[in-house]
Amino acid sequence: MSEPRIAGLLLAGGAGRRYGMPKALVVVDGRRLVERGLATLRDAACDPVVVVLGAAAQQVRSRTDLSGATVTDNPEWHTGMGSSLRAGLTALTAIPVDAVAVLLVDTPGVTAAAVRRLRGLGDRTGLAVATYHGQPGHPVLLGRDHWPAVSAMAVGDVGARRYLTAHADLVTHVPCEDIADGTDLDVPRDNPAEADD
């Protein structure tokens, strides 16, 4: 039996209203967040990796290196993260993968090691969530069999959370605080080293 094929999905479509700019373009440690997230998924051996853009999509394309990724636009990005998750899952439906590891662009402390830890649970029926000191975070692993229902429940600014809550008995919680930091960058003070160019 062949090893399950796990895709990566980076949600990078938001406008970053509270941050003051699209987070995909924010620089952390000399690298834009969208490039960092893509590298994290790629280094974790996710294949393929889909990046969903929305706000400032053309600017993100022109100012970042997204080579090796399948880039898809979410024209409904303004409705919230749910539409970006739906766009990403739709982009993956024609590709023979068993599960997808979903990462948010504003979680630069998530490491490839954390993604790999969840990948180990990947198959068509798997559901897993990284936790940090008992609190759920990212990445999230979604087995392919769940994608239609996840998409149906991903509305507004809610991604897979509603589905995962409704199927809590199926979800494996994977502690990752020893190898990653799940903190998201909500406002610029969360990233004092930012030096956008």
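The values are calculated or read from the model by the stated rules, or taken from the named source; none is laboratory data. Since the model is a prediction, treat every value here as computed from it, not as a measurement. For neighbour counting, all protein chains shown are included, and Cβ atoms are generated from backbone atoms with ideal geometry for every residue, glycine included.
Of note:
- Within the range 119-157, the set of residues being assigned to a strand (DSSP E or B), closer than 15 Å to Leu85 by Cα and of a type in the set (A, V, I, L, M, F, W, C) comprises Val140, Leu141, Leu142.
- Matching residues in the range 62-90 - criterion: being part of a loop (DSSP other than H, G, I, E, B), of a type in the set (Ser, Thr, Tyr) and in contact with a helix residue (DSSP H, G or I) (Cβ under 7 Å, 6 or more places away or on another chain): Thr64
- Gly109 falls short on exactly one of the conditions (1) crowded, with 22+ Cβ neighbours inside 10 Å; (2) of a type in the set (Gly, Ala, Ser); (3) assigned to a loop (DSSP other than H, G, I, E, B), and that condition is (1).
Rundown of residues vs (1) modelled with pLDDT of 95 or more; (2) not charged (D, E, K, R), yes/no style:
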{"site": "Arg124", "(1), (2)": "yes, no"}
{"site": "Leu164", "(1), (2)": "yes, yes"}
{"site": "Val171", "(1), (2)": "yes, yes"}
{"site": "Arg189", "(1), (2)": "no, no"}
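- Subset of the range 43-61 (residues that are part of a helix (DSSP H, G or I) and closer than 15 Å to Ala12 by Cα): Ala57, Gln58, Gln59, Val60, Arg61
- Within the range 147-162, tally of residues that are touching a helix residue (DSSP H, G or I) at 6+ places or on another chain (Cβ under 8 Å) and closer than 19 Å to Leu10 by Cβ: 8
- Answer residue from the range 1-27, given it is of a type in the set (D, E, K, R) and assigned to a loop (DSSP other than H, G, I, E, B) and is nearest to Thr70 (Cα to Cα) among those: Arg5
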